[in-house]
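Q: Before anything else, here's the structure in question.
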Amino acid sequence: MIRVRITKNRQWSIEVTGHAESGPMGYDIVCAGVSALTIQLVNALTELVHLDRRQCKHRLQSGNAQILVRWDYLSSKAQQETELLIKAFGLSMQEMQKAYPEFVSYHEGGGWNG
């Protein structure tokens with residue numbers, strides 16, 4: 001099972017762990033979908049919002065992705081853009097959980113407000 005957790009306290013923390021195992025390796029559409037959305041989030045944060053390594057740390061490995069965004073290092077505009085992207089990612093993960101509840105578990109905590 002893939003477990004996705006988003007928390008926000010002094011920083012945003014996104015963790016994606018596990019494997020869906022909904023199909024043979026290379027043909028697992030659930031894993032491919034979650035992986036694509038996770039990589040897209042990192043790309044959007046670094047290439048569109050222009051967060052640097054001090055502001056956004058990430059590690060993407062098979063079965064284990066972690067993204068940490070230091071809220072206090074962001075401008076007001078970057079905070080708004082980052083929050084929008086992370087909320088969109090969360091909505092996508094909610095839909096993945098609805099569509100594939102036996103393969104995806106999504107949880108958010110720590111609140112959504114600054």
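The values are calculated or read from the model by the stated rules, or taken from the named source; none is laboratory data. Just so we're clear, the structure is a prediction, and the values are computed from it rather than from any experiment. Every residue, glycine as well, gets a Cβ built from its backbone with ideal geometry; the counts of neighbours run over all protein chains shown.
Q: Only strands (runs of 3 or more DSSP E) wholly contained in region 5-114 count here; list those with 1 or more residues that are out of contact with any strand residue (DSSP E or B) (no Cβ under 6 Å at 6 or more places or on another chain) and not charged (D, E, K, R).
A: Of the strands (runs of 3 or more DSSP E) lying wholly inside region 5-114, those with at least 1 residues that are out of contact with any strand residue (DSSP E or B) (no Cβ under 6 Å at 6 or more places or on another chain) and not charged (D, E, K, R) span 56-61.
Q: Can you find even one residue in region 69-87 that is surrounded by 14 or more Cβ atoms within 10 Å (Cβ to Cβ), touching a residue at least 40 places away in the same chain (Cβ under 8 Å) and within 10 Å of the chain's Cα centre (by Cα)?
A: yes
Q: Further question: Hey, any hits in region 94-114 for a residue that's over 19 Å from Ile2 (Cα atoms), surrounded by fewer than 14 Cβ atoms within 10 Å (Cβ to Cβ), at pLDDT below 95 and of a type in the set (Phe, Trp, Tyr)?
A: yes
Q: Which of the residues that make up region 56-68 are modelled with pLDDT of 95 or more and either surrounded by 18 or more Cβ atoms within 10 Å (Cβ to Cβ) or under 19 Å from Met1 (Cα atoms) (or both)?
A: Cys56, His58, Ala65, Gln66, Ile67
Q: Can you run down the residue pairs with Cβ atoms below 8 Å, 6 or more apart or on separate chains, where the first is in region 3-26 and farther than 17 Å from Leu37 by Cα and the partner is of a type in the set (Gly, Ala, Ser) and not in a strand (DSSP E or B)?
A: As it stands, the answer is Thr7/Gly110; Lys8/Gly110; Lys8/Gly111; Asn9/Gly110, since those pairs meet every condition given.
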